[in-house]
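The values are calculated or read from the model by the stated rules, or taken from the named source; none is laboratory data. All figures in this text were calculated on a predicted structure; none of them were measured in a lab. So basically every Cβ, Gly included, is an ideal-geometry build from the backbone, and we count neighbours across all protein chains shown. The accessibility values were calculated without ligands, DNA or RNA, using every heavy atom of the protein model including side chains. Shrake-Rupley method; radii C 1.70, N 1.55, O 1.52, S 1.80 Å.
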Amino acid sequence: MRTAYSVETVRAAERELMARLPEGALMARAAAGLAAACAELLVRRRGRVYGSRVVLLAGPGDNGGDALYAGARLARRGAAVTAVPMDPARIHPGGLAALRAAGGRVAESVPARADLVLDGLTGIGGRGGLRPAAAALAERIPAGALVVAVDLPSGVDADTGEVAGPAVSADVTVTFGAYKPGLLIDPGASRAGAPRLVPIGLELPARPELEALQHADVAGLLPVPGASSDKYRRGVVGVVAGSEQYPGAAVLAVAGALRGGAGAVRYVGPAAEAVLARYPEVLVGRGRVQAWVVGPGLGSGRDGEAGRALADLDVPVLVDADGLRGLDPAAVRARRAATLLTPHAGEAAALLGVAREAVEAGRLAAVRELAGRYGAAVLLKGSTTLVAAADGGGAVRVNPTGTPWLATAGSGDVLSGLAGALLAGGLSGVDAGSAAAYLHGLAGRFAADGAPVVAQEVAEALPEAWRSVRA
C-alpha cells in the first residue's frame, strides 16, 4: 500500500532523524537520490548524462539546496549544469559552493535550451501558489525540457493538492521520505507527473493521512466463494435504479452488480423489461437482500426511494446520483448498518451547500467533511477518486487506477452496482468503495486501451480486472 503523510508529520520525522545524524547528512541523502533519478531519466532520454544540459531553478530554502547538491553530482558526471536562483542573495550557500566546485555555473536568467530542468523553487512548505519571482522563472522553462520537481511541484499545496495560483507542471516528481497528499490528489496530482519516492530513513507513524491500495491490497479484500457457497451466502444486492427517462442507468447498475461478486441481483424499478432483456438471471421485485444500491437514473418523482432503503437500518445501503437529492444527515446517521455515499463534485457541493469549484479545489477537505456530517463512508468521484471512512477521520483512500476515458455517461452507474455487490459480500463501506473504484479504474483502462469507451464496455471488462488483481 502506498501511503502519504502531512507536512507536519514529515517535518517532525525529519527533525528526529537530523538530531541523530551529522549535519548535512539528510540533505546529502536526498540529493543523492534526486541525482540518481535525474541521471536515469537523462540516460533514457539522451543515452547518457555526459553533455546533457541541466538547469536548476533554485529557491532560497532547503528545496533549492537539494537541487544544487544534486546538480553538483550531475556536473561531476559531465553534465553542463546551470543554476538560476530565485533570489541570488538567499541561495543555499553550501549547495552553491558544491555546484561551483563541480564545475557548474550560475546565471541570472533561464537558458533557452535544456534537456532537464530541476524545480527547486518552493517545496513542501509553499502555500498559495508561486510568488511573482518564482512564477517568472517557471514561465521560462524551455519547451521540450524534462521537468523534475524536487519533493513537490512548486505552487502545489503538499497537504491538500490545491493549486491556488501559478504552479510548475512536472513530468516527474522525486519526493523524499514519504509521499505527500498533494502528489496523489488533483489538481496537484496532475501537476506532479510520475511520483518517485526516495527513502531517506524517516520513522513515520502507523497512520498516514492518505493511502492508495495496490493489487495485493485489493486482492485481500475481494470476496471469493468457497466450496460451500451458494448464491445467498455470496450476497444478494438490491438495485433501485432507472426510470422511464433513464432506463439505461438500471441496466448499467445491474451490470456492475452482477460482475461485483454478488450471488444474485434483485431489481426494483420501472426498467425491469430493459434489465431482463439484457440480464435474464436478475430477480425482479422486492425481497431479502444483503445490500441496497439506490439512485442511478431515478429521475424526478422518486425521491422517496432512498429514504425507504435507508429506513432498513440493518442492511448496508449505497446512495448515488438522484438518491442523494435532499438526503437527510440525521436519517443517515441513525442507521446501524454501513452507508456509502458516492457523489461526484457537483452532488457533493449540493450536499455541503458550497460551490462545485470549492469541492474541486479542496477534494480532501470535502470528502472528510461529508463523511463526518453524514456519518457515512463517502466515495467522492472525480479525476482522483477519494474514499473516506464514516467518521471522516483516519486515512483517506485515494484511487490510483483509472483513465480519462472513464468520463463517460453511465460509468458511475456501473461503479455503484459494483460497490453495492461488494457491500452485499460483507465489505465495509470504505473497503467496498475503495475496492470498487480500483477495479472500475482497471476495467476502464482495459476497455479503453487508449480509445473512447462506453460504460457497458467498462462493465464487460470487470472480470479481466478481477483476474488482474488476483493474478
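Brief remarks on what is shown
- For the stretch 402-413, Karplus couplings with θ = phi - 60° (6.51, -1.76, 1.60), whole Hz, Gly/Pro x: x, 7, x, 5, 6, 6, 9, 4, x, 4, x, 5
- Residues of the chain: accessible area per residue with a 1.4 Å probe, Å²: 40 Å²
- Values of log10 I(q)/I(0) for the stretch 252-399 across q = 0.10, 0.13, 0.20, 0.21 Å⁻¹ run -0.35, -0.59, -1.26, -1.34, by the Debye formula with one identical scatterer at each alpha carbon and no solvent.
- Note on residue 330 and residue 312: the model spin-label points, each 7 Å out from Cα along the C-beta direction, lie 2.5 nm apart.
- Dipole magnitude (debye, nearest 20) for the stretch 280-341, charges at Cβ of Lys, Arg, Asp, Glu: 180 debye
- For the stretch 24-136, a crude dipole built from +1 on the beta carbon of Lys and Arg and -1 on the beta carbon of Asp and Glu, taken about the Cα centre, is about 380 debye to the nearest 20.
- In this structure the amide hydrogen of residue 341, modeled in the peptide plane, comes within under 5 Å of the amide hydrogens of 319, 377, 378, 379, none closer than 5 places in sequence on its chain.
- From phi via Karplus (6.51, -1.76, 1.60), per-residue ³J(HN,Hα) for the stretch 282-296 in Hz, x at Gly/Pro: 6, 7, 10, x, 6, x, 5, 9, 9, 6, 10, 10, 10, x, x
- Here's how it looks for residue 396: its modeled amide H is under 5 Å from those of 210, 211, which are all 5 or more places away or on a different chain.
- Of the accessible area of the stretch 138-181, computed with a 1.4 Å probe over protein heavy atoms only, carbon and sulfur atoms account for 44 percent.
- Which label in (1) 33; (2) 42; (3) 30 gives the computed percent of Cα pairs over 38 Å apart: (1)
- Among the GluC sites (Glu not before Pro) in the stretch 249-314, those located in a DSSP loop and surrounded by at most 14 other Cβ atoms within 10 Å of their own Cβ are 281.
- Vicinal HN-Hα couplings computed from phi for the stretch 145-150 (Karplus, 6.51 cos²θ - 1.76 cosθ + 1.60; Hz; Gly/Pro x): 6, 7, 9, 10, 7, 8
- Of the trypsin sites (Lys or Arg not before Pro) in the stretch 27-109, those whose Cβ has at most 14 other Cβ within 10 Å and which sit in DSSP loop: 48
- Along its first, second and third principal axes, ordered by size, the stretch 21-150 spans 39, 38, 22 Å in Cα coordinates.
- Under the Debye formula (equal points on every Cα, no solvent term), log10 I(q)/I(0) of the stretch 2-81 at q = 0.13 Å⁻¹: -0.49
- The amide H of residue 106, built 1.01 Å from its N in the peptide plane, has 83 as neighbours under 5 Å, considering only residues 5 or more places off or on other chains.
- Kirkwood Rh in Å, taken over all unlike Cα pairs in the stretch 341-448: 13.7 Å
- Length available on full extension from residue 36 to residue 197: 0.36 nm per residue minus the Cα-Cα distance, which gives 56.8 nm.
- Total charge dipole magnitude, the stretch 393-467, about the Cα centre, Cβ charges on Lys, Arg, Asp, Glu only, Debye to nearest 20: 200 debye
- Share of pairwise Cα separations in the stretch 313-400, more than 20 Å, in percent: 24 percent
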